[in-house]
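The values are calculated or read from the model by the stated rules, or taken from the named source; none is laboratory data. Being a predicted model, the structure only gives us computed values, none of them experimental. Every residue, glycine among them, receives a Cβ derived from its backbone with ideal geometry; neighbour counts consider all protein chains shown.
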There are 2 protein chains.
Amino acid sequence: MTKNFADKLIEAVRKKGNPICVGLDPRLDKIPESIKQKALMLRNKDGEHLSPMAAAAEAVIEFNKGIIDAVHDLVPVVKPQIAFYEIFGADGVRAYVETLKYAKKKGLLTIADAKRNDIGSTAEAYAQAFLGEVSIFEDFDDEVVMPVFEADSLTINPYLGWDGIKPFVEEAGKYGKGVFVLVKTSNKSSGDLQDLEMKDGKALYEIVGHLVESWGADEVGENGYSFVGAVVGATYPEQAKKLREVMPRTIFLVPGYGAQGGGAADVKPCFNKDGLGAIVNNSRGIIFAYEKQGLMADAYTEAARTAVIEMKKDLEGVL
Amino acid sequence: MTKNFADKLIEAVRKKGNPICVGLDPRLDKIPESIKQKALMLRNKDGEHLSPMAAAAEAVIEFNKGIIDAVHDLVPVVKPQIAFYEIFGADGVRAYVETLKYAKKKGLLTIADAKRNDIGSTAEAYAQAFLGEVSIFEDFDDEVVMPVFEADSLTINPYLGWDGIKPFVEEAGKYGKGVFVLVKTSNKSSGDLQDLEMKDGKALYEIVGHLVESWGADEVGENGYSFVGAVVGATYPEQAKKLREVMPRTIFLVPGYGAQGGGAADVKPCFNKDGLGAIVNNSRGIIFAYEKQGLMADAYTEAARTAVIEMKKDLEGVL
């Protein structure tokens, strides 16, 4: 039987002794020059330089491998944000797939942060691509069934309602994967829609929280958590506290720690009393930690490792 | 000065004499065998067969070119749905870029249907990739500034509020591009969130409609419409009627006509009294029209052309 993603995630958190998720959001201008120089010198089979986008993609892959090598023994999970790869077009998407593959090889769980959303038939295509398998050329001898992005989980947006969520939940269940549904996001204007007051006095994010908990009700694993998770920003601890109460079996993916202003005290309400129930993401604060530490970009891997160890201590203070 | 996307779109609608958007949502199993056979026979520079994903991407490109050739003189705009390309990974994204490029070359406006959404700094990366330009290797002699997806417009999801929308609106304004924000989607469960009743008695979709109209208030072109559009499903004519009233200067992108059940009478409320203000998408009903017409898949281009002409007549009956 396929193992529930929530169980895989909780076991990884226990094994590594922390709930840290490293956000792999590369920015070319912050990647060490040495890595970029090398990428620009690469040549293809015909001896030609790579296209600028292909060179950028190679630089991103090498940068990410450095981070993954530096932190894979420390943290349970990584989360590449696809926007920072799509910016390099098809080459960037190749870098995204390579990054997910390398993280997996190094024993890390992965969250594809792509916030996908669409109506049922289209959501199915996304679900197959990110979480399941794709079957092509069924009508030929060459039929191929293969995973495409091969992520362990995917962030999704709930604005379209259940039939835009269901295909992801079904595909996730089939392949031991998970989803994280946006509930209360970490950005400043997240309240424009999410805090709107409903007829019954509840805020929209609370209603969505109830929905997400119900969507995962049949998907609870051995550890008491469902593979239908929620995104709840560290920047809104009051709202997180409310959500924790209405969503006892939902794992929170918590962005907003570090560069966005959230601290350990802010993420505390995202956890249950068992010390579980949340993973805390940090992107810039880890992968570009060299800046804050006053180091050269070339020292980015050591800086990332130091930053993870510091974050672990910081979280231990409240968990 | 950069021309407002709303003006470009309205002029294209006037020139072609109809508001039809052709949805380019290819499904490999419905693409003619002859196209797939040809793709599977292709070889790269080294004389090797393409990978299955690369062959699938080639089949999709050829299929789409056939559709674009068949309808480019008839319709103003096409809308490729990116899920049906991402399903083939990086190769699929290449096919997506090629499709947008070919449509542009043939004089069509394009809507990248990707429903992207994220917090500000990440939304900026998406906006640059889909609507603007990307600057890479700024710190080298090799600095390159180039468009990546080069779409004329992009669908986006409003769940994160204004600061997740603003980067798209800014980039769109800079480059003469547009956005279509999800307001009331065409799927069955769209009401799960969108129809929730607020404290003031309004439904969430109405509030979002008001927000979208206000987000576009400063972006109105010569024809009285803003480049901040809205997605409003043909399957909910009552809601569309309400939205048309609160969003007089917003262009509606209307999915749900045809295969999803919406007819000409259902899309009528999406238009203003000037006969403008909406474009009506049809995907499966055009690109796979050969099925309904009882033809072989090889006749898909003629069938698509016939379907567009029929849809044009159908819409003329109510506009």
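How many of the residues in the range B:38-49 are within 11 Å of chain A (Cβ to nearest Cβ) and either under 21 Å from A:Ala129 (Cα atoms) or surrounded by 13 or more Cβ atoms within 10 Å (Cβ to Cβ) (or both)?
Total meeting the criteria: 3.
Any residue at all in the range B:54-66 that is more than 28 Å from B:Gly176 (Cα to Cα), at the interface with chain A (Cβ under 8 Å from one of its Cβ atoms), modelled with pLDDT of 95 or more and out of contact with any Ser or Thr (no Cβ under 7 Å at 6 or more places or on another chain)?
Scanning the range B:54-66 turns up at least one residue that is more than 28 Å from B:Gly176 (Cα to Cα), at the interface with chain A (Cβ under 8 Å from one of its Cβ atoms), modelled with pLDDT of 95 or more and out of contact with any Ser or Thr (no Cβ under 7 Å at 6 or more places or on another chain).
Looking at this structure, is A:Pro26 closer than 30 Å to A:Val267 by Cβ and part of a strand (DSSP E or B)?
On the way: closer than 30 Å to A:Val267 by Cβ: yes; part of a strand (DSSP E or B): no.
Spelling it out, it is not the case that A:Pro26 is closer than 30 Å to A:Val267 by Cβ and part of a strand (DSSP E or B).
Would you point out the residue of the range A:141-173, among those that are more than 29 Å from A:Val183 (Cα to Cα) and at the interface with chain B (Cβ under 7 Å from one of its Cβ atoms), that is nearest to the chain's Cα centre (by Cα)?
First, the residues of the range A:141-173 that are more than 29 Å from A:Val183 (Cα to Cα): A:141-146.
Of the ones still in play, those that are also at the interface with chain B (Cβ under 7 Å from one of its Cβ atoms) are A:142, A:144.
Working: A:Asp142: 34, A:Val144: 28 Å.
Checking each candidate, the answer is A:Val144.
Only one residue in A:Asp113, A:Asp69, A:Asp91, A:Asp142 is among the charged types (D, E, K, R) and closer than 21 Å to A:Val280 by Cβ, so which one is that? Break it down stepwise before answering.
On the way: A:Asp69 fails: closer than 21 Å to A:Val280 by Cβ; A:Asp91 fails: closer than 21 Å to A:Val280 by Cβ; A:Asp142 fails: closer than 21 Å to A:Val280 by Cβ.
Testing whether each residue is among the charged types (D, E, K, R) and closer than 21 Å to A:Val280 by Cβ leaves just A:Asp113.
Among the residues of the range B:244-266, write down those that are part of a helix (DSSP H, G or I) and either over 17 Å from B:Ile309 (Cβ atoms) or among the polar types (S, T, N, Q) (or both). Spell out how you get there, then give the answer.
As a first pass, look at the range B:244-266 and keep what is part of a helix (DSSP H, G or I): B:244-246, B:264-266.
B:Arg244, B:Glu245, B:Val246, B:Ala265, B:Asp266, listed by residue number.
Conditions (1) of a type outside the set (D, E, K, R); (2) farther than 22 Å from A:Asn157 by Cα; (3) surrounded by fewer than 22 Cβ atoms within 10 Å (Cβ to Cβ); (4) at pLDDT 95 or above, marked per residue:
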| position | (1), (2), (3), (4) |
| --- | --- |
| A:Asn223 | yes, yes, yes, yes |
| A:Val231 | yes, no, no, yes |
| A:Gly258 | yes, yes, no, no |
| A:Arg284 | no, yes, yes, yes |
| A:Glu291 | no, yes, yes, yes |
| A:Ala299 | yes, yes, yes, yes |
| A:Ala307 | yes, yes, no, yes |
| A:Lys312 | no, yes, yes, yes |
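Kindly indicate whether A:Gly23 is of a type in the set (Gly, Ala, Ser), more than 23 Å from B:Val134 (Cβ to Cβ) and within 14 Å of chain B (Cβ to nearest Cβ). Walk me through it before giving the result.
Numbers: of a type in the set (Gly, Ala, Ser): yes; more than 23 Å from B:Val134 (Cβ to Cβ): no; within 14 Å of chain B (Cβ to nearest Cβ): yes.
Judged against the criteria, A:Gly23 is not a match.
What single numbered condition from (1) in a loop (DSSP other than H, G, I, E, B); (2) within 19 Å of B:Ser283 (Cα to Cα); (3) out of contact with any Asp or Glu (no Cβ under 9 Å at 6 or more places or on another chain); (4) of a type outside the set (Gly, Ala, Ser) fails to hold for B:Cys21?
(1)
Tell me which residues, restricted to the range A:215-239, are touching a Cys at 6+ places or on another chain (Cβ under 9 Å) and assigned to a helix (DSSP H, G or I).
The answer is A:Pro237, and nothing else.
Could you check the range B:106-163 and list, in sequence order, the residues that are in contact with a Phe, Trp or Tyr (Cβ under 8 Å, 6 or more places away or on another chain) and closer than 20 Å to A:Ala54 by Cβ?
Result: B:Ala125, B:Ala129, B:Phe130, B:Glu133, B:Val134, B:Ile136, B:Glu143, B:Val144, B:Val148, B:Phe149.
Scan the range B:166-181 for residues that are in contact with a helix residue (DSSP H, G or I) (Cβ under 6 Å, 6 or more places away or on another chain) and either buried (at least 24 other Cβ atoms within 10 Å of the Cβ) or under 21 Å from B:Arg244 (Cα atoms) (or both) and jot them down.
If the condition is that a residue be in contact with a helix residue (DSSP H, G or I) (Cβ under 6 Å, 6 or more places away or on another chain) and either buried (at least 24 other Cβ atoms within 10 Å of the Cβ) or under 21 Å from B:Arg244 (Cα atoms) (or both), then B:Phe168, B:Lys177, B:Gly178, B:Val179, B:Val181 are the ones that fit.
Residues that are crowded, with 21+ Cβ neighbours inside 10 Å, more than 10 Å from every other protein chain (Cβ to nearest Cβ) and in a loop (DSSP other than H, G, I, E, B): does the range B:193-214 have at least one?
No; the residues of the range B:193-214 include none that is crowded, with 21+ Cβ neighbours inside 10 Å, more than 10 Å from every other protein chain (Cβ to nearest Cβ) and in a loop (DSSP other than H, G, I, E, B).
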